[in-house]
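The values are calculated or read from the model by the stated rules, or taken from the named source; none is laboratory data. What you see is a predicted model, and the numbers here were worked out from it, not measured in a lab. Quick reminder, even Gly has a Cβ in these numbers, built from the backbone with ideal geometry, and neighbours come from all protein chains shown. Quick note on the areas: whole protein, heavy atoms, side chains included, nothing else; ligands and nucleic acids left out. Shrake-Rupley method; radii C 1.70, N 1.55, O 1.52, S 1.80 Å.
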Amino acid sequence: MATITMAASPTSNSSASTTSMSLLQRQSSKNADTVSVCSTTSAFSTCPDRHGFYGGNQFSEKPKKESLTREQIIAREKKWIHMTSHWSEYMNTNYKKVRERCRKGIPDALRQKAWFLLTGANHLMGKFPDWYQHLLEEPGNPQIIDEIRKDQHRQFPHHEMFIDDDKPGQKELFNVLKAYSVYNPTVGYCQAQAPIAAFLLMQLPSEQAFWCFVAICDKYLENYFTPGLEMLQRDAGMLNRLLKKTSPAAYRHLQKHNVDPLLYMTDWFLCAMTRTLPWDTLLRVWDCFLCEGVRIFFKVALVIIGATLGPQKVRAQCNGLCETLAVLRSPPKKFLEEDFIMHHIFRLNITIEDFHREHKKQEMLHRKAKLEQQKAAQQQQQQNGGGSSNGPGRST
């Protein structure tokens, strides 16, 4: 699996970082019932759309404009059937072909199987047979169980799976989140995990969705959901550095108005774009994310920021932090459409080497900041008359 674990630098100003994280926590609570920021709310329908939505931001009255003929769709499905039937061979010897086909879009009929294979969830499920059921039988942490119950009804409440408490989606969502909290008690449960789990349940049976969820939380988004959101803070710094290269004008504007990346990218990354993109765009982005890793989210974020703040007229109207955040949190619909996003994310002037180089830089900055914090703590302890502490610290 060609995934890259990204890291970004710690914020340069600790007080600014603390303020940003406080704002983020309040914003997360305020937007807990928000399904997406991608469109205006539509009227509630008596019939679901093609994705199962009865209403809400994700509801689409219009059928998707299919760019392929029926013959082309069938031909693609046959290629994917062959590839998934010879998965190990393709991944070991012809990964570029897998990536190319993921970028073109996985056929709807094969998406469930493809995602299960791309994440490596098939290996996890094979390695731990019946483990999901065993996890469900465990009592779990009562506090976490209570938090999950409070959040489960908030996820895509207009979707046919989650619209009522008695629908199977509500119970399956609780089971997946509870099972993961038992499986990985170090992480336990983070509110941002809920829409990811719900999204997976719309694509896969509950046990397969659980193992995909494990792979995403523990591999693709490793350390994203740990207390303090340390990895997210580093990735915010990394996004800022990449933006300087891809959209200098947007970067300068954000710097001028002291717009901390954490204030606009947290929902994008923590919720894996599930509360940001229109459904058709989201499926295409996830096809690539599960194949290429979290750098796809960086590219989507860079496209959204660059397109939204690119025009000089828009920047002139955003004459402060609040105005800029308002624009970034509600970008024009045209910049979130499937064709626009998929066209531009692979045409950004950044390479894999750029990602690796920034990753190393931010890791170095993070380690330096850690050492300075430890040194300051030791000096403070000595001033207070305490002994020095030489215990093992957390590795980074």
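Going residue by residue through region 238-247, is there one that turns out to be free of Cβ contacts under 8 Å to residues at least 24 places away in the same chain and either surrounded by fewer than 19 Cβ atoms within 10 Å (Cβ to Cβ) or among the hydrophobic types (A, V, I, L, M, F, W, C) (or both)?
Yes, that holds for at least one residue.
Among the listed residues Gln255, Gln233, which satisfies the condition of being polar (S, T, N, Q), open to solvent by 10 Å² or more (accessible area, probe 1.4 Å), in contact (Cβ under 8 Å) with a residue 24 or more places away in the chain and assigned to a helix (DSSP H, G or I)? So that I can check it myself, show each step before the final result.
Working: Gln255 fails: in contact (Cβ under 8 Å) with a residue 24 or more places away in the chain.
Result: Gln233 is the single residue among Gln255, Gln233 that is polar (S, T, N, Q), open to solvent by 10 Å² or more (accessible area, probe 1.4 Å), in contact (Cβ under 8 Å) with a residue 24 or more places away in the chain and assigned to a helix (DSSP H, G or I).
Inside region 84-96, can you point out the residues that are under 15 Å from Leu110 (Cβ atoms) and open to solvent by 50 Å² or more (accessible area, probe 1.4 Å)?
Residues of region 84-96 under 15 Å from Leu110 (Cβ atoms): 84-87, 90.
Matches in region 84-96: Ser85, His86.
Do we have any residue at all in region 260-268 that's modelled with pLDDT of 95 or more and over 23 Å from Gln362 (Cβ atoms)?
no
Answer yes if at least one residue in region 360-370 is modelled with pLDDT of 85 or more and in contact with a Leu (Cβ under 9 Å, 6 or more places away or on another chain), and no otherwise.
From region 360-370, those modelled with pLDDT of 85 or more are 360-361, 364; that's our starting set.
Subsequent filtering for residues that are in contact with a Leu (Cβ under 9 Å, 6 or more places away or on another chain) retains none.
There is no residue in region 360-370 that is modelled with pLDDT of 85 or more and in contact with a Leu (Cβ under 9 Å, 6 or more places away or on another chain).
Asp151: acidic (Asp, Glu) and under 20 Å from the mean Cα position of the chain (by Cα), yes or no?
Numbers: acidic (Asp, Glu): yes; under 20 Å from the mean Cα position of the chain (by Cα): yes.
So Asp151 passes the test.
If you go through region 282-338 one residue at a time, how many are assigned to a loop (DSSP other than H, G, I, E, B), among the polar types (S, T, N, Q) and either in contact with a strand residue (DSSP E or B) (Cβ under 8 Å, 6 or more places away or on another chain) or open to solvent by less than 30 Å² (accessible area, probe 1.4 Å) (or both)?
Of the residues in region 282-338, the ones assigned to a loop (DSSP other than H, G, I, E, B) are 293-294, 310-311, 318-320, 330-332, 336-337.
Cutting the leftovers down to among the polar types (S, T, N, Q) gives us 319, 330.
From what is left, the residues that are either in contact with a strand residue (DSSP E or B) (Cβ under 8 Å, 6 or more places away or on another chain) or open to solvent by less than 30 Å² (accessible area, probe 1.4 Å) (or both) are none.
The number of residues fulfilling the criteria is 0.
Tell me which residues, restricted to region 100-115, are touching a residue at least 60 places away in the same chain (Cβ under 8 Å) and open to solvent by less than 30 Å² (accessible area, probe 1.4 Å).
Cys102, Gly105, Ile106, Arg111, Ala114, Trp115
Residues are listed down the side, and each one gets a yes or a no for (1) open to solvent by less than 30 Å² (accessible area, probe 1.4 Å); (2) modelled with pLDDT of 95 or more:
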position: Met125; (1), (2): no, yes
position: Asp130; (1), (2): no, no
position: Asn141; (1), (2): no, yes
position: Glu147; (1), (2): no, yes
position: Pro157; (1), (2): no, no
position: Phe162; (1), (2): yes, no
position: Lys167; (1), (2): no, no
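Of everything in region 258-280, what is in a helix (DSSP H, G or I) and either open to solvent by less than 10 Å² (accessible area, probe 1.4 Å) or not β-branched (Val, Ile, Thr) (or both)? Give them in sequence order.
Within region 258-280, the subset in a helix (DSSP H, G or I) is 262-270, 279-280.
Within region 258-280, Leu262, Leu263, Tyr264, Met265, Asp267, Trp268, Phe269, Leu270, Trp279, Asp280 qualify.
Considering region 177-206 alone, what residues qualify as being farther than 16 Å from Phe225 by Cα and open to solvent by less than 30 Å² (accessible area, probe 1.4 Å)?
Kept after step one, since they are farther than 16 Å from Phe225 by Cα, are these residues of region 177-206: 198-206.
Of everything in region 177-206, those that are farther than 16 Å from Phe225 by Cα and open to solvent by less than 30 Å² (accessible area, probe 1.4 Å) turn out to be Ala198, Phe199, Leu200, Leu201, Leu204.
Scan region 214-230 for residues that are part of a loop (DSSP other than H, G, I, E, B) and surrounded by 21 or more Cβ atoms within 10 Å (Cβ to Cβ) and report the count.
As a first pass, look at region 214-230 and keep what is part of a loop (DSSP other than H, G, I, E, B): 221-229.
Checking which are surrounded by 21 or more Cβ atoms within 10 Å (Cβ to Cβ) leaves us with 221, 224-225, 229.
So the answer is 4.
Find all pairs meeting these conditions: Cβ atoms under 9 angstrom apart; at least six residues apart or on different chains; first residue within region 164-191 and under 18 Å from Asp130 (Cβ atoms); second residue open to solvent by 70 Å² or more (accessible area, probe 1.4 Å) and modelled with pLDDT under 95.
If the second residue must be open to solvent by 70 Å² or more (accessible area, probe 1.4 Å) and modelled with pLDDT under 95, the pairs left are Val182/Pro139.
Restricting to region 77-93, what's the tally of residues that are more than 27 Å from the chain's Cα centre (by Cα) and of a type outside the set (Asp, Glu)?
7
Can you run down the residue pairs with Cβ atoms below 7 Å, 6 or more apart or on separate chains, where the first is in region 309-335 and within 16 Å of Trp268 (Cβ to Cβ) and the partner is of a type in the set (D, E, K, R)?
Correct list of pairs: Leu309/Arg315.
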